[in-house]
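Single-structure report; data block below.
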Amino acid sequence: MTRLPVLLLAALFAISTLFLAACDGGADASADEVVEGEAFPERTLNDQHGNPLQIPGDARVILKTVEMAPADIANAVLGEMTEEERNAIGVIYIADIHQMPPHVMENVVLPRMQAREYPTAVTQSEQDAGFMPHTPEEVTVILLDGEGTVTGIHAAASEDRLKELLEQAGE
């Protein structure tokens, strides 16, 4: 065997080893996925004002939106609630906007978020909220017990459904 094929074979072996290691590393990432009956993975995200927000913290309900229509649903419902009502239920809202064009995010979306009186965690990358389930065009609603264990994973496609899930969480 000449020297060139031996070097190519060695390089192919090294690349294959790195590829397999990367695939194995991806398998470990599932440990951070949200699963009913398990603890919600701890995260720190910034809110719309750049302040750190510990998730889940004391939350009993975590809302996540990706698209605009479910964000409108979440904002309408949260906007109707008083701070006391939101705190009594323990709601944290995550706006997964990491794929939004920067110009739109900085000049339109973020100023609107900053005008709201309730905290909204804002994502910067897929890792920030990609571990959470997502149903397109619906608000993801994750219910937690007092210890941070996931007790339910739901989706709400309307304000009425989201209100119903929040009422259940408050009981």
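No value in this document is a laboratory result; all are computed from the given coordinates. Remember, predicted model here, so these are calculated numbers, not experimental data. We place every Cβ from the backbone using ideal geometry, glycine too, and count neighbours over all the protein chains shown.
About the Cα centre of the range 33-170, what is the dipole size in debye to 20, counting +1 per Lys and Arg Cβ and -1 per Asp and Glu Cβ, all else neutral?
On the way: 8 positive and 25 negative charges, 56 e Å.
Rounded to the nearest 20 debye, it is 260 debye.
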**Report entry** Debye log10 I(q)/I(0) at q = 0.10, 0.11, 0.17 Å⁻¹ for the range 33-170, Cα point scatterers
**Finding:** -0.28, -0.34, -0.87
